[in-house]
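S.K.: There's a structure below that I have some questions on.
The values are calculated or read from the model by the stated rules, or taken from the named source; none is laboratory data. Being a predicted model, the structure only gives us computed values, none of them experimental. With ideal geometry, Cβ positions are generated from the backbone for all residues, glycine too; neighbour counts draw on all protein chains shown. Ligands, DNA and RNA are stripped out before the accessible areas are found, and what is left, the full protein with its side chains, is counted by its heavy atoms. Shrake-Rupley method; radii C 1.70, N 1.55, O 1.52, S 1.80 Å.
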Amino acid sequence: MTTTRLLPADPDGIAAAARLLCAGELVAFPTETVYGLGASALDPAAVAALFEAKDRPADNPLIVHLGDDDQLDRVAHRTPLATRLAADHWPGPLTLVLDARPEVPEITRGGHPTVAVRVPGHPIARRLLVAAGVPVAAPSANRSGRPSPTTAAHVAEDLDGRIAAIVDGGPCPIGVESTVVDARGSRPVVLRDGTVTREQLGADDDGAAATAASPGARYRHYAPTCQVRLADPGTGPDVATEAAATGLRVHLVAGSPARDIPTTVVDGPDELAARLYAALRAADDDRADVIVVETVDATGVGRAVMDRLVRAAGRP
Ligand code: TXA
Ligand code: MG
């Protein structure tokens with residue numbers, strides 16, 4: 001057991017977090033998508049500790065976070081497509097998969113010849129990465145198989161006593177993980193949907209095959225302990241009320257509340273993205289049997305949210 005420090009996101013807190021990262025310690029920090037669990041990406045011992053803290057399978061590679069896109073050439077071989085996508089979307093919620101430079105240890109790459117890289121847009125993440133001055137490997141800061149954390153409290157639930165520090169930067173604005181794109185060829189291939197959409201990327205709509213090629217897609221993901229039941233738009237309160245009438249303990253995520261049922265009211269796909277993981281965790285904390293979630297159109301941002309929801313419901 002280590003004592004996990006909760007650091008404020010002020011200059012002193014960020015400087016302390018940067019020193020810990022450079023010393024090979026594990027530090028969780030906010031990004032615009034979800035909280036990441038950082039370790040110095042070029043330090044194999046730090047990355048090994050990261051896999052252990054998360055109980056993450058060793059063949060699931062990590063995303064390397066950079067403070068600036070100039071640093072891309074330190075870790076990966078740039079392609080014209082990567083240069084264009086980085087110019088359009090960095091800093092921001094887009095991860096590029098490229099051929100790795102030999103400096104990136106095998107453990108960071110999960111044994112793959114490629115490396116995933118992104119420059120996050122969250123100001124606290126950027127300040128921390130710039131202060132650390134080293135590439136930082138950061139998967140979502142949850143225990144493997146749990147929903148990604150979108151607050152510092154979520155990180156503490158999963159990792160208190162297992163990591164050196166958590167930088168508390170409040171809730172993450174987007175709430176679902178970055179779009180992952182294979183940028184080695186001449187056209188972007190989406191490996192994981194996010195809020196940078198296929199439409200924005202000019203990517204083909206060839207989801208299934210590409211997603212299967214993403215190492216992370218093989219694992220059970222985003223799974224709360226309670227059952228996740230999907231309901232058509234507008235039907236959530238009725239579905240939840242019927243389930244509660246059979247004696248189940250029910251939570252609801254919908255456009256409008258249901259009587260006597262704890263409800264996260266969301267308006268549209270962006271708000272659903274921002275609040276979904278918190279709602280899944282709250283249902284588990286309350287020992288709910290079922291969480292009913294109203295679906296959204298699986299287009300644009302809705303595609304990323306529905307991808308997570310369908311996995312959480314156990315119907316990939
Ligand atoms: O928004 C995000 O991307 C967050 C924040 C913290 O940046 N990070 C995140 O990391 O979601 P993680 O480790 O939970 O998910 C990384 C995903 C996994 O599905 C992994 O398989 C995929 O990216 N990935 C990483 N390296 C890859 C590679 N070389 N080739 C293909 N997929 C890769
Ligand atoms: Mg994750």
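S.K.: Could you tell me how many cubic angstrom of Cα convex hull volume the chain has per residue?
M.R.: Looking at the chain, the number lands at 118 Å³ per residue.
S.K.: What residues from the range 133-165 fall in the zone where the backbone N is under 12 Å from a label point 7 Å along the Cα-to-C-beta line of ARG5?
M.R.: Only 164-165 pass the distance filter.
S.K.: With a cut-off of 20 Å, note down the residues of the range 100-124 whose backbone N falls inside the zone around a label point 7 Å from the Cα of ASP68 toward its beta carbon.
M.R.: Only 117-124 pass the distance filter.
S.K.: Using the Karplus curve 6.51 cos²θ - 1.76 cosθ + 1.60 with θ = phi - 60°, work out ³J(HN,Hα) for each residue of the range 236-246 in order, rounded to whole Hz, and write x for Gly and Pro.
M.R.: x, x, 5, 4, 5, 5, 4, 5, 5, 5, 8
S.K.: Which semi-axis lengths, in whole Å and largest first, follow from the square roots of five times the eigenvalues of the Cα gyration tensor of the range 51-103?
M.R.: Result for the range 51-103: semi-axes of 23, 13, 10 Å.
S.K.: Once the piece of chain linking ALA58 and ASP297 is laid out straight, how much longer is it, given 0.36 nm per residue of separation minus the C-alpha distance between them?
M.R.: Stretched out fully, the ALA58 to ASP297 stretch lengthens by 82.6 nm.
S.K.: Gain in length, ARG19 to ALA87, computed as 0.36 nm per residue apart minus the alpha-carbon separation, to one decimal in nm?
M.R.: Full extension of this stretch gives 21.5 nm more.
S.K.: List the longest stretch of the chain that has no exposed loop site; here a site is one of the trypsin sites (Lys or Arg not before Pro) assigned by DSSP to anything other than H, G, I, E or B, with at most 12 other Cβ within 10 Å. Numbers along the way, then the final one.
M.R.: Numbers: sites that count: ARG220, ARG259, ARG287.
Maximal segment without exposed cleavage sites: 1-219.
S.K.: Rounded to the nearest 0.05, what FRET efficiency do HIS77 and VAL130 have when you use their Cβ-Cβ distance and R0 = 22 Å?
M.R.: The value I calculate is 0.40.
S.K.: How long is the gain from THR235 to GLN200 if the chain were fully straight, where each residue apart is worth 0.36 nm and the alpha carbon distance is subtracted?
M.R.: Stretched fully, the THR235-GLN200 segment lengthens by 9.5 nm.
S.K.: Mean residue ellipticity at 222 nm from the helices of the chain, using -39,500 (n - 2.57) per DSSP H segment of n ≥ 4 over the full residue count, to the nearest 500 deg cm²/dmol? Show your work: numbers first, answer last.
M.R.: Values: 11 runs with 105 residues, N = 316.
One gets -9500 deg cm²/dmol as the mean residue ellipticity at 222 nm.
S.K.: Counting only protein heavy atoms, what percent of the accessible surface of the chain is carbon or sulfur at a 1.4 Å probe?
M.R.: Here carbon and sulfur together make up 51 percent of the probe-accessible area.
S.K.: Report Rg (one decimal) and Dmax (nearest whole number) for the range 246-316, counting Cα atoms only, units Å.
M.R.: 11.9, 37
S.K.: Amide H neighbours of GLY38 under 5 Å, counting only residues 5+ apart in sequence or on other chains, H built in-plane at 1.01 Å?
M.R.: Distant-sequence amide H within range of GLY38: VAL27, ALA28, PHE29.
S.K.: Tell me the per residue accessible area of the chain using a 1.4 Å probe; a whole number in Å² is fine.
M.R.: Ligands and nucleic acids excluded, the result is 41 Å² per residue.
S.K.: Please list, by residue number, everything in the range 160-178 whose backbone N is under 17 Å from a paramagnetic label point 7 Å out along Cα→Cβ of ASP12.
M.R.: 166-169
S.K.: Another question, if that's okay. Using θ = phi - 60° and the Karplus relation 6.51 cos²θ - 1.76 cosθ + 1.60, list the HN-Hα couplings for the range 250-265 in order, rounded to whole Hz, with x at every Gly or Pro.
M.R.: Using θ = phi - 60°, the values come out as 10, 10, 9, 10, 7, x, 9, x, 10, 4, 6, 10, x, 10, 9, 8 Hz.
S.K.: So, one more: Inverting the mean 1/r over all pairs of different Cα atoms, compute the Kirkwood radius of the range 1-140 and quote it in Å.
M.R.: 14.9
S.K.: Could you work out how far the C-alpha centroid of the range 84-129 sits from that of the range 284-316, in angstrom?
M.R.: 27
S.K.: For the chain, give the magnitude of the charge dipole about the Cα centre (Cβ charges: +1 Lys/Arg, -1 Asp/Glu; no others), in debye to the nearest 20.
M.R.: 580
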